[in-house]
Amino acid sequence: MLFSSPEFLFVFLPLCLLAFHLTLWKAGGTAAMGVSVLFSVFFYGWWNPPYLALLLGSIGGNFLFAKRLAFTPSRLLLGMAIVLNLAVLGYFKYRNFFLENVGLAMGETWSFGAIFIPLGISFFTFQQIALLIDANDGEIPHPPGALNYTQFVIFFPQLIAGPIILFRELSGQLVDLRAGKGAGLALFGPGLVVFLVGLFKKVCLADNIAPFADIVFSHATELTMLEAWAGAVAYALQLYFDFSGYSDMAIGLGRMFGILLPLNFDSPYKANNIIDFWQRWHISLTNFITTYLYTRIVRSFAKLNFHKTMLATLITMLIVGIWHGSSWGFLIFGTIHGLG
C-alpha cells in the first residue's frame, strides 16, 4: 500500500488516525499503541500477506535476543543474532547475485528464478541490529517491553522506506505515549503540512519526471549529447523527489500520530563535496553506518600504521553500495563514493 495510493489516502489513513486518537482519548496511550500496531500489521500484510510472517518472526526473534543481551551482555550471542539477521537479509536480497557470480567465476552460466524481496527488509533488519548492539553495550536504560519494541519496528510510516530509527532515540517518546504525556494532536497540523509537501514531491514531481527518464535510458544508444545529459538530470531529480518525498511523508505521518521521526534529507544537491553530500542525503543511514560500521572498522584497524581511515571509508562505502541493491552497478557506485 503506497502512501500516495487512493486506498491509503482516503481509507486506511483516515481510519487509522481516527481509531488511534479516539482510543488515546478514551482508553489511554497503551491501548492507542496497540491500535497503531494492529493497523501497521494490516498495512504490511496488505502488500503480501505471507511475508507478514517473516516480519513478525523477525520481531519476535530479535525481541528475545534484545532482552537477553540487555540483562546478560554476550559478544558471542550478539554475533549469532547479527549473523542470523544478515543471513535472512542476504538470502532474499543477494542470493541470486552471489550464486550467479560464483557460476561466472567457474565458467558456468547459472540462472535462478527471481526472489520477491520483502518490502523494507533492509530497514527493519538494520534497525533491529542497531538495537541488539545498543542492548549489548548498555546503551538502552531499560530492556524494551514487547509492545514498545513492536511499535518501534513495525510503525508503518517508517517501515518500508525509513528513516532508520534508533530505539534509544524513540524509546522516550513511546514511554511518554503510554503514560499519557505524548504530543497527542499538538503535532497533527505541522505533520499534515509536511506530509502534503512530501506527497507533492512524489506525485507531482517524481512521478511526472519518471516517464522522460525512462524513455531516455531505454534509447541510450540513440541519444545526442544534450538528450543524454537531460536524461541524467531527469533521473537525478526523479530519484531525489521520490526518496525525499517518501521521507517527508514518513516524518509528517509520524507527527500526525504525535511521534517525532528524524530528518532524513537536507538539500543534498546543495552539498559542497561528497562528505557534505552524505551528511545531507539519507541522513539516518549515514548516522547508522558511522556509528555501527565505520567507527568499529576503524577500531579494528587500530594496529595499522597506514591510512586506516581511508581503508575504513572504502570498505564502509562498498557495503553502503551493495546495501542499495544487488548488482555490480551498486558496487561501483559505492566504490566511486568511497574514493570521493
Cβ contacts < 6 Å: first residue over 15 Å from Leu17 (Cβ atoms), restricted to the stretch 177-189; second residue of a type in the set (S, T, N, Q) and open to solvent by less than 40 Å² (accessible area, probe 1.4 Å), any location; separation 6+ or different chain. Result?
none
Being farther than 28 Å from His324 by Cβ, open to solvent by 30 Å² or more (accessible area, probe 1.4 Å) and part of a helix (DSSP H, G or I) is the filter here; which residues of the stretch 64-101 pass it?
Leu64, Lys67, Arg68, Ala70, Phe71, Arg75, Leu76, Leu77
Look at Ala271 and say whether it is under 24 Å from Tyr246 (Cβ atoms) and surrounded by 14 or more Cβ atoms within 10 Å (Cβ to Cβ).
yes
Flagged in the stretch 122-139 as surrounded by fewer than 19 Cβ atoms within 10 Å (Cβ to Cβ) and without any contact (Cβ under 8 Å) to a residue 60 or more places away in the chain, in numbering order, are Glu139
When both residues are 6+ apart or on different chains and their Cβ atoms are under 7 Å apart, which pairs have a first residue that lies in the stretch 270-292 and is farther than 14 Å from Gly334 by Cα, and a second that is open to solvent by 30 Å² or more (accessible area, probe 1.4 Å) and among the basic types (Lys, Arg)?
Ala271/Arg280
Can we say Trp229 is open to solvent by 30 Å² or more (accessible area, probe 1.4 Å), of a type in the set (Phe, Trp, Tyr), closer than 29 Å to Leu314 by Cα and free of Cβ contacts under 8 Å to residues at least 24 places away in the same chain?
yes
Could you please tell me which pairs satisfy a Cβ distance under 6 Å, a separation of 6+ or placement on different chains, a first residue in the stretch 246-269 that is free of Cβ contacts under 8 Å to residues at least 40 places away in the same chain, and a second residue that is of a type in the set (S, T, N, Q)?
Phe265/Ser244; Phe265/Ser247
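The values are calculated or read from the model by the stated rules, or taken from the named source; none is laboratory data. Just so it is clear, the model here is predicted, and its values are computed rather than measured. Positions of Cβ are backbone-derived with ideal geometry, glycine not excepted, and every protein chain shown enters the neighbour counts. Only protein heavy atoms, including side chains, enter the accessible area calculation; ligands, DNA and RNA are left aside. Shrake-Rupley method; radii C 1.70, N 1.55, O 1.52, S 1.80 Å.
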